[in-house]
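Visitor: Submitted below is the structure of interest, expressed as structure tokens.
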Amino acid sequence: MQGPHMLAFLPALSLAGFWLGGEAVLVAVALGLPAIYSVVYPHGVHRAEHLARLPLSSDLVDISSAQAMAEQVVERARTANLSTACFMIEAEGLDTIGRRSGNDSVEVLRDMILGRLRGMLRRDDSAVRVGDSRFMVLLGPSLRHDLETMLTLAARFQRGLEEPLETGTGTHFLSVSLGFHAIPASVSDATGSRLVDAAQTALSEAMANGPSAIRAWSDSMRAERSARLSLLGEIDRALARGQIQPWFQPQICTSTGKISGVEALARWIHPERGIIPPGQFLGALEETGQMDRLGEVVLQHSLTALRGWDEAGIDIPRISVNFSGTELRNPQLVERIKWELDRFGLMPGRLGIEVLETVIADSPEGVVARNIMELSDLGCHIDLDDFGTGHASITALRRFPVNRLKIDRSFVSHVDRDEEQRRMLAAILGLADRLGLETLAEGVESVGEHALLAQLGCDHVQGFGIARPLPLEKVADWARAHTARIAEAQNLGRSTG
Ligand code: C2E
Ligand code: CA
Ligand code: CA
């Protein structure tokens, strides 16, 4: 045990007495604590891990109780003329673990996370869970809660929580985003609910930029949020003016190393705000009923790009386009695609249709199934996107004419370092093999992951480790450089082998 950091070991009751001004809910919360170390922000976190097994699940509080807790701390800070701060922390990926390993694992992980957080706090700070995968930390009143100190602390929480978590069901990796707000002593009209809201807003901002992001609340954030809302008002014009267009992410064949295709991913090239990713505007398009329009724009750009690469002698066999549930429910979809392929003089096999696993899981029959069937009959390649996250049954896999499984990034990351992850992936690859389906691993970020996927027999890989999504004008250069690298590697292989 690393003694030097551990100054005191307080039983819950004495903590409750010293912490609270008598609010029933807070007493309940505090009594739920197994114990708190008086630790001056230690570097490591694992000394607390064994305690995490104690039943902490009662430490879930609803948002109004969280605000009441914050109110207490703000009040104490005001009385003492000191500052205080609130962190909101999201453990991203807990839901995926729940789907894979069950709710019991998630409960254990939540307890471990809370245990780790508390292991990193001082006696006067507190941590509770405020949602399925969300945690709140309140710092006790103190002299110094300046931005630099807060950022250092946020980074330390993040590092601590992102260390692998070992449970009975294996090793789990989480991404952690944080938002925080500190109230200096000079602010006299602070309230607990404003403190909590500000930290929540900062967290939303972090998550929009995540995974693994940290954001401090600022006045400009409020302005940013309203700017974002006005952005959504602009989306109509953006589509009409051609500001929304796809970028292209290469996909590589693991056995030859050659480019097997590219995926078209929508980007909004905003004149003032730069590149806006689809996560920030797909929802608005969906709500305003414009997914079909987006689909048309992306398909047009994609087929134009493919023609261009053909003409330039660049070997890109296929372009894959994401189709939303809305588009797949359109009875005119197949006619439109047929017409577009004709117009560009491209064989249907050059077009990949990416369908989310959730879409086929939710659409047992009817127009979605018919469209996919007809596109497949036409000769288009059908990719099942985010495989492993959407609960499509094996029967659904048989009923829909799927050519390839795109294995979700959550099954791919750290596969070279994590035995459990490797077993899971091997099982998916085995299933695909039995069903005669091709496979592609998404979100391949490292050489180690790439190499292991090749060893396990995954057919294709895609991810930042190979290339990020590229704007049209960069694809040809990347493809030429990649082809040259492959040729060089082969020559080297020949001369040494
Ligand atoms: P997706 O189809 O699963 O696309 C893969 C996403 O993962 C892309 O995010 C890509 O940039 C990102 N990605 C690729 N490699 C890596 C990696 O190694 N690590 C990590 N962390 N991320 C990686 P993007 O472009 O933000 O797109 C998000 C989602 O938006 C897409 O997920 C897709 O579902 C949707 N989307 C994008 N373009 C379109 C479109 O034109 N139409 C429709 N309906 N949906 C689209
Ligand atoms: Ca996709
Ligand atoms: Ca995907």
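Visitor: Given the conditions (1) buried (at least 17 other Cβ atoms within 10 Å of the Cβ); (2) under 24 Å from GLN251 (Cα atoms), and given that LEU333 satisfies all but one, which numbered condition is not satisfied?
Guide: Only one criterion is unmet by LEU333, namely (2).
Visitor: Let me ask something else about it. Quick check: anything in region 268-277 of a type outside the set (S, T, N, Q), within 25 Å of GLY463 (Cα to Cα) and within 16 Å of ligand 3 (Cβ to nearest atom)?
Guide: Yes - at least one qualifying residue is present in region 268-277.
Visitor: Could you grab me the full set of residues in region 192-206 that are out of contact with any Phe, Trp or Tyr (no Cβ under 7 Å at 6 or more places or on another chain) and farther than 15 Å from ALA155 by Cα?
Guide: GLY192, SER193, ARG194, LEU195, VAL196, ASP197, GLN200, SER204, GLU205
Visitor: Any residue at all in region 236-249 that is surrounded by fewer than 16 Cβ atoms within 10 Å (Cβ to Cβ), of a type in the set (Lys, Arg), in a loop (DSSP other than H, G, I, E, B) and out of contact with any strand residue (DSSP E or B) (no Cβ under 6 Å at 6 or more places or on another chain)?
Guide: Yes; the residues of region 236-249 include at least one that is surrounded by fewer than 16 Cβ atoms within 10 Å (Cβ to Cβ), of a type in the set (Lys, Arg), in a loop (DSSP other than H, G, I, E, B) and out of contact with any strand residue (DSSP E or B) (no Cβ under 6 Å at 6 or more places or on another chain).
Visitor: Does region 317-346 hold any residues that are more than 16 Å from ligand 1 (Cβ to nearest atom) and touching a Gly at 6+ places or on another chain (Cβ under 7 Å), and which are they?
Guide: Hit for region 317-346 is PRO317, nothing else.
Visitor: Please verify whether LEU453 is surrounded by 20 or more Cβ atoms within 10 Å (Cβ to Cβ) and within 21 Å of GLY261 (Cα to Cα), treating the condition exactly as stated.
Guide: Judged against the criteria, LEU453 is a match.
Visitor: Quick test for you: out of ALA484, ALA476, pick the one residue that is surrounded by 15 or more Cβ atoms within 10 Å (Cβ to Cβ), more than 16 Å from ligand 3 (Cβ to nearest atom) and more than 19 Å from the chain's Cα centre (by Cα). Show your work before the answer.
Guide: On the way: ALA484 fails: surrounded by 15 or more Cβ atoms within 10 Å (Cβ to Cβ).
Every option except ALA476 fails the conditions.
Visitor: Return the pairs, sorted by first residue and then second, in which the second residue is surrounded by 21 or more Cβ atoms within 10 Å (Cβ to Cβ) and of a type in the set (Ser, Thr, Tyr), the first residue lies in region 342-356 and is closer than 15 Å to VAL298 by Cα and in contact (Cβ under 8 Å) with a residue 60 or more places away in the chain, the beta carbons are less than 8 Å apart, and the residues are 6+ apart or on different chains.
Guide: Note: pairs meeting the criteria are GLY352/SER320; GLU354/SER320.
Results for (1) in contact (Cβ under 8 Å) with a residue 60 or more places away in the chain; (2) aliphatic (A, V, I, L, M); (3) surrounded by 15 or more Cβ atoms within 10 Å (Cβ to Cβ), shown as yes or no for each residue.
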position: VAL108; (1), (2), (3): yes, yes, yes
position: GLY115; (1), (2), (3): yes, no, yes
position: GLY119; (1), (2), (3): yes, no, yes
position: ARG129; (1), (2), (3): yes, no, yes
position: LEU139; (1), (2), (3): yes, yes, yes
position: LEU143; (1), (2), (3): yes, yes, no
position: ARG156; (1), (2), (3): yes, no, yes
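Visitor: Separate question: Evaluate region 160-181: report whether one residue or more is open to solvent by 10 Å² or more (accessible area, probe 1.4 Å) and under 22 Å from SER226 (Cα atoms).
Guide: yes
Visitor: Another question, if that's okay. Answer with yes or no whether ASP315 is more than 16 Å from ligand 2 (Cβ to nearest atom), modelled with pLDDT under 95 and open to solvent by 10 Å² or more (accessible area, probe 1.4 Å).
Guide: Answer is no for this residue.
Visitor: Only one residue in GLY345, GLY349 is within 29 Å of ALA396 (Cβ to Cβ) and touching a Lys or Arg at 6+ places or on another chain (Cβ under 8 Å). Which one? Before you say what the answer is, go through the steps one by one.
Guide: Numbers: GLY345 fails: within 29 Å of ALA396 (Cβ to Cβ).
Of GLY345, GLY349, the one residue that is within 29 Å of ALA396 (Cβ to Cβ) and touching a Lys or Arg at 6+ places or on another chain (Cβ under 8 Å) is GLY349.
Visitor: How many residues does region 437-480 contain that are aromatic (Phe, Trp, Tyr) and on the phi > 0 side of the Ramachandran plot?
Guide: Taking region 437-480 first, the residues aromatic (Phe, Trp, Tyr) are 464, 478.
When the remaining residues are screened for being on the phi > 0 side of the Ramachandran plot, the result is none.
So the answer is 0.
Visitor: Which condition does ALA305 not pass, out of (1) assigned to a helix (DSSP H, G or I); (2) crowded, with 16+ Cβ neighbours inside 10 Å; (3) more than 29 Å from the chain's Cα centre (by Cα), if it passes all the others?
Guide: (3)
Visitor: Mind checking which residues of region 318-357 are hydrophobic (A, V, I, L, M, F, W, C), within 16 Å of ligand 2 (Cβ to nearest atom), out of contact with any Ser or Thr (no Cβ under 6 Å at 6 or more places or on another chain) and closer than 26 Å to ASP477 by Cβ?
Guide: Here is the first cut: in region 318-357, the ones hydrophobic (A, V, I, L, M, F, W, C) are 319, 321, 323, 328, 333-334, 337, 339, 341, 344, 346-347, 351, 353, 355-356.
Checking the rest, the ones that are also within 16 Å of ligand 2 (Cβ to nearest atom) come to 319, 321, 323, 328, 351, 353, 355-356.
Subsequent filtering for residues that are out of contact with any Ser or Thr (no Cβ under 6 Å at 6 or more places or on another chain) retains 323, 328, 351, 353, 355-356.
Result: LEU351, single match.
Visitor: Among the residues of region 430-450, which ones are of a type in the set (Gly, Ala, Ser) and either buried (at least 20 other Cβ atoms within 10 Å of the Cβ) or within 15 Å of ligand 3 (Cβ to nearest atom) (or both)? Outline the logic, then answer.
Guide: Restricting attention to region 430-450, the residues satisfying the condition of being of a type in the set (Gly, Ala, Ser) are 430, 432, 436, 441, 443, 446, 448.
Passing the criteria: ALA432, ALA441, GLY443.
Visitor: Could you grab the pairs with beta carbons closer than 9 Å, sequence gap of 6+ or different chains, first residue in region 253-280 and in the same structural domain as GLU205 (by TED's automatic domain parsing), second one assigned to a strand (DSSP E or B) and among the basic types (Lys, Arg)?
Guide: Here the result reads none, with nothing in region 253-280 linked to a residue that is assigned to a strand (DSSP E or B) and among the basic types (Lys, Arg).
Visitor: Next question. In region 250-267, how many are surrounded by 18 or more Cβ atoms within 10 Å (Cβ to Cβ), within 20 Å of LEU456 (Cβ to Cβ) and away from ligand 3 (no atom under 14 Å from the Cβ)?
Guide: Total satisfying the criteria: 3.
Visitor: Would you say GLY102 is in contact (Cβ under 8 Å) with a residue 60 or more places away in the chain and on the phi > 0 side of the Ramachandran plot?
Guide: Answer is yes for this residue.
Visitor: Tally the residues that are open to solvent by 40 Å² or more (accessible area, probe 1.4 Å), in a helix (DSSP H, G or I) and within 16 Å of ligand 2 (Cβ to nearest atom), restricting the search to region 396-429.
Guide: 1
Visitor: Just the residues that are of a type in the set (A, V, I, L, M, F, W, C), in a helix (DSSP H, G or I) and within 16 Å of ligand 3 (Cβ to nearest atom), please, taken from region 321-341.
Guide: Correct list: LEU328 only.
Visitor: Also: Applying the selection to region 75-97, what residues are assigned to a helix (DSSP H, G or I), in contact with a strand residue (DSSP E or B) (Cβ under 6 Å, 6 or more places away or on another chain) and open to solvent by less than 20 Å² (accessible area, probe 1.4 Å)?
Guide: Within region 75-97, ALA77, ILE97 qualify.
Visitor: So, of the residues in region 386-407 that are modelled with pLDDT of 95 or more and within 14 Å of ligand 1 (Cβ to nearest atom), which turns out to be nearest to THR171 (Cα to Cα)?
Guide: Restricting to residues being modelled with pLDDT of 95 or more and within 14 Å of ligand 1 (Cβ to nearest atom), the top hit is ILE407.
Visitor: For the list (1) more than 27 Å from ASN209 (Cβ to Cβ); (2) without any contact (Cβ under 8 Å) to a residue 24 or more places away in the chain, I need the number of the one condition that VAL187 fails.
Guide: (1)
The values are calculated or read from the model by the stated rules, or taken from the named source; none is laboratory data. Since the model is a prediction, treat every value here as computed from it, not as a measurement. As a convention, Cβ positions derive from the backbone with ideal geometry for all residues, glycine included, and neighbour counts pool all protein chains shown. Keep in mind that these areas ignore ligands, DNA and RNA; they rest on the heavy atoms of the full protein, side chains included. Shrake-Rupley method; radii C 1.70, N 1.55, O 1.52, S 1.80 Å.
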